[in-house]
Amino acid sequence: MLAVLAFAVGAKAGGPDKVIPRPVEFTLREGCFTPKKASDTKVSLMRGSWKELSGLKDFQKEAYYHITIDKRGISVKAASPKAAFYARQTLSQMAADGTPYSYCEIIDYPRFEHRGLMIDESRNFKGKDWLLKQLDLMASLKMSVLHLHLTDDAGWRLEVDSYPALNRLASWRKGKTWKDWRNGGNEYALEGSRDAEGGYLTKDEVKEIVAYASERFIDVIPEIEMPGHSRELCAAYPQTSCYDSTFSHHVLSSDLCPASDSTYIILEAVLDEVMDLFPTKYIHVGGDEAGMRSWKNCPKCQALMHEKGFTDVYELQNYLEEKIASYVKSKGRVMVAWDEVVRDEGLDKDAVVMSWRGTTNGIQAIGQGHKVIMCPTSYCYLDYYQDVSFKEPEAIGGYVPLSKVYSFEPMEGVPDGSEDLLSGVQGNLWCEFVPTPEHAEYMLYPRALAIAEVGWTPASAKDYASFFQRALCLTDRMKEDGYKTFDLRSEAGDRPESKLPVKHLALGKSVKFDSQWSSAYPAALEKTLTDGLLGTWTYHDKRWLGFLRPIDVTVDLGEKTVLGYISATFMGQLGNGVGVPEKVEYWVSDDGTYFTLAATVTREVPNADPRQVSFVNYGAPVDLSARFVRLKAEQNSDKSAPWLFIDEIIIK
């Protein structure tokens, strides 16, 4: 019998309306049924049972199941063993612990093939047993992919025979947590030494994880990061780093040298071992956030650029990625990489792109013919705060509550006719600020439940009110079974000011920008400052307009108007380089040419935890009449926080 993870749902009769992810189609009927013996549940593998519906993709056909529950018992028609397994997960959630089943009929299959979670093992290592525990829960949610981020600056987390220093040195560091290591100078330690902290998955442990996942129809995709985020590899094998001829030594940086033969010799040997351990079709090779600084002064890199006619160091990354993609393909596998690779038109069309910097790069990759997995930061980064930051454990920043995750529509913007290139969705848990396994679960759940439903359930069948109640029930049971979850019942929710539009004299009025906002944070463009919408807890919400220069903007009220109050609010988060002005000036004019100073508002720059988000209001009473109101704000003196974020200019 297939293993089933049982979860009660706290109801007198269990129906499909209690299940996460919500089934595609279901009909509830009067009555309920309590199984008394194993034969009361009949599971039939009926290949082709999906023919009851037309237009199904191959992965949907394989996962298709049909459940009927009536007075005669429970009947399951499944297109494959995988489909039978999924049906059992649904039945388990409907009525665990002897709860009667509601009479019903269910037709179900996934919306997307890739329904995944990425777990960062490098920054803070959690190990085999914890991963097996997460696979149990993922199976109950019908998730299909566990993506393991196994290597990064903070530690190499996979046993490798061909290059033992990757485990003897690169897997161990001075500093128990990532923060300790970073604050202590990013030092590594020899395995077995007194100050060594860290670890790695042995090959036997990996085999156990892969087998355990396979029994639950979950694919495990390994990620070996390159060329950036590779400081630990450079430390273990300096010949993979760039050479500085001025000082006659290799440069210890986070970037591998794309012009060094040793880089490819070592990477190919490592990938051979990885592919022996992980039978998955897909091998993730990172590709994000390469600094490339050492490449500009490396004689080998410069010689390679000259030889190939490259005009930009970015082309060196393309060169490396194309060589690795070709090598992975030669082994019968497919390369997966982060969306920085989208800039390379020469990348093999079989390569899969994970779109994390929004969805635009993913849509561009689809246009180039690549399969894409959507995991944008603003919806799918589970290391961001899930509630107001001052009541939550420290996180990397941002704000992605359960409702935001659930609202994600992966197909938005995908061109008609290209839908098949969107493989699915994934939630990503990076662990720089997640030091323990318990904290990792707290960040994952319940938001991973929303990822599961976004990936499985048709957009037309999604309903957040229903999902929220189902998530409450399921997280209660998860806590009983030993999972640490965020408490939905105590959720404070979004910034109160952001929940309702604000009415004021400048609402909908035109704004002249004498300083331009940053293209990285355009919010609602020129409408942002007078659209009546105040910002949420995060500047990723398209309500905060971001500037990397002094702000100089003018609101045109259309006619001379009596003014009594002018204000603007700025967000601060020093840890992410976001400061607030030391002063804001308000100027007024009748003709838009000659301005007089109406008010100056000064504020002390908040001296808070660098990860703490602050909101500083610069409001001033005035008693005058004018048509034009001008706001000027300069960055504060802290050069490490050059960003300014403003949401609205309010005039009353």
Just give me the residues in the range 321-367 being in contact with a Leu (Cβ under 8 Å, 6 or more places away or on another chain) and surrounded by fewer than 22 Cβ atoms within 10 Å (Cβ to Cβ), in sequence order. 322, 327, 331
Candidates 232, 225, filtered to the one that is touching a Lys or Arg at 6+ places or on another chain (Cβ under 9 Å) and crowded, with 24+ Cβ neighbours inside 10 Å: 232
Given the options 552, 541, 494, name the one that is outside any loop (DSSP other than H, G, I, E, B) and out of contact with any helix residue (DSSP H, G or I) (no Cβ under 6 Å at 6 or more places or on another chain). 552
What are the residues in the range 371-401 that are under 19 Å from residue 145 (Cβ atoms), assigned to a strand (DSSP E or B) and either outside the structural domain of residue 336 (by TED's automatic domain parsing) or touching a helix residue (DSSP H, G or I) at 6+ places or on another chain (Cβ under 9 Å) (or both), if any? 372, 373, 374
Residues in the range 426-446: is at least one more than 30 Å from residue 367 (Cα to Cα) and of a type in the set (Val, Ile, Thr)? yes
Mind telling me which of the residues 61, 51 ends up being within 15 Å of residue 107 (Cβ to Cβ) and at pLDDT 85 or above? 61
Look at the range 151-171 and say how many of its residues are buried (at least 24 other Cβ atoms within 10 Å of the Cβ), under 17 Å from residue 254 (Cα atoms) and touching a strand residue (DSSP E or B) at 6+ places or on another chain (Cβ under 7 Å). 8
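Scan the range 33-76 for residues that are more than 18 Å from residue 91 (Cα to Cα) and of a type outside the set (D, E, K, R) and report the count.
10
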Give just the number: which of (1) buried (at least 17 other Cβ atoms within 10 Å of the Cβ); (2) at pLDDT 95 or above; (3) part of a helix (DSSP H, G or I) does residue 473 not satisfy? (2)
Quick one: which of 127, 98, 175, 192 is modelled with pLDDT under 95 and surrounded by fewer than 21 Cβ atoms within 10 Å (Cβ to Cβ)? 98
Inside the range 218-234, the number of residues satisfying the requirement of being under 17 Å from residue 165 (Cβ atoms) and among the β-branched types (Val, Ile, Thr) is 1
Out of 574, 597, 545, 563, I need the residue that is touching a residue at least 24 places away in the same chain (Cβ under 8 Å), more than 30 Å from residue 381 (Cα to Cα) and either in contact with a strand residue (DSSP E or B) (Cβ under 7 Å, 6 or more places away or on another chain) or of a type outside the set (Lys, Arg) (or both). Which one? 563
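Quick one: in the range 581-601, which of the residues that are among the hydroxyl-bearing types (Ser, Thr, Tyr) and part of a strand (DSSP E or B) is surrounded by the most Cβ atoms within 10 Å (Cβ to Cβ)?
Of everything passing the filter in the range 581-601, 586 is surrounded by the most Cβ atoms within 10 Å (Cβ to Cβ).
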Does the range 280-288 contain at least one residue that is touching a Lys or Arg at 6+ places or on another chain (Cβ under 9 Å), in contact (Cβ under 8 Å) with a residue 24 or more places away in the chain, over 30 Å from residue 520 (Cβ atoms) and surrounded by fewer than 19 Cβ atoms within 10 Å (Cβ to Cβ)? yes
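Yes/no per residue for (1) in a helix (DSSP H, G or I); (2) touching an Asp or Glu at 6+ places or on another chain (Cβ under 9 Å); (3) within 19 Å of residue 537 (Cβ to Cβ):
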position: 403; (1), (2), (3): yes, yes, yes
position: 409; (1), (2), (3): no, no, no
position: 413; (1), (2), (3): no, no, no
position: 426; (1), (2), (3): no, no, no
position: 433; (1), (2), (3): no, yes, yes
position: 439; (1), (2), (3): yes, no, no
position: 451; (1), (2), (3): yes, no, no
position: 466; (1), (2), (3): yes, yes, no
Within the range 556-569, is even one residue of a type in the set (Val, Ile, Thr), buried (at least 21 other Cβ atoms within 10 Å of the Cβ), more than 25 Å from residue 399 (Cβ to Cβ) and not assigned by TED's automatic domain parsing to the domain that holds residue 384? yes
Restricting to the range 235-246, what's the tally of residues that are more than 19 Å from residue 167 (Cα to Cα), surrounded by fewer than 22 Cβ atoms within 10 Å (Cβ to Cβ) and in contact with a His (Cβ under 8 Å, 6 or more places away or on another chain)? 2
In this structure, does residue 17 turn out to be modelled with pLDDT of 85 or more, crowded, with 21+ Cβ neighbours inside 10 Å, closer than 29 Å to residue 406 by Cβ and charged (D, E, K, R)? no
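For (1) assigned to a strand (DSSP E or B); (2) within 29 Å of the chain's Cα centre (by Cα), each residue gets a yes or a no:
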| residue | (1), (2) |
| --- | --- |
| 59 | no, yes |
| 62 | no, yes |
| 75 | yes, no |
| 84 | no, no |
| 89 | no, yes |
| 93 | no, yes |
Filter result (surrounded by 15 or more Cβ atoms within 10 Å (Cβ to Cβ) and among the hydrophobic types (A, V, I, L, M, F, W, C)) within the range 476-497: 478, 486, 488
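Considering each of 558, 532, 575, 564 in turn, give the residue that is over 25 Å from the mean Cα position of the chain (by Cα), not charged (D, E, K, R) and not in a strand (DSSP E or B).
From the options 558, 532, 575, 564, the qualifying one is 532.
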Can you pull out the residues in the range 429-447 that are in contact with a Gly (Cβ under 9 Å, 6 or more places away or on another chain) and surrounded by 23 or more Cβ atoms within 10 Å (Cβ to Cβ)? 444, 447
Which of (1) of a type in the set (Asp, Glu); (2) touching a residue at least 60 places away in the same chain (Cβ under 8 Å); (3) touching a strand residue (DSSP E or B) at 6+ places or on another chain (Cβ under 8 Å) does residue 392 not meet, given it meets every other one? (2)
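The values are calculated or read from the model by the stated rules, or taken from the named source; none is laboratory data. In this text the structure is predicted, and so the values were computed from the model without any measurement. All Cβ positions, even for glycine, are placed from backbone atoms using ideal geometry, and neighbour counts span all protein chains on display.
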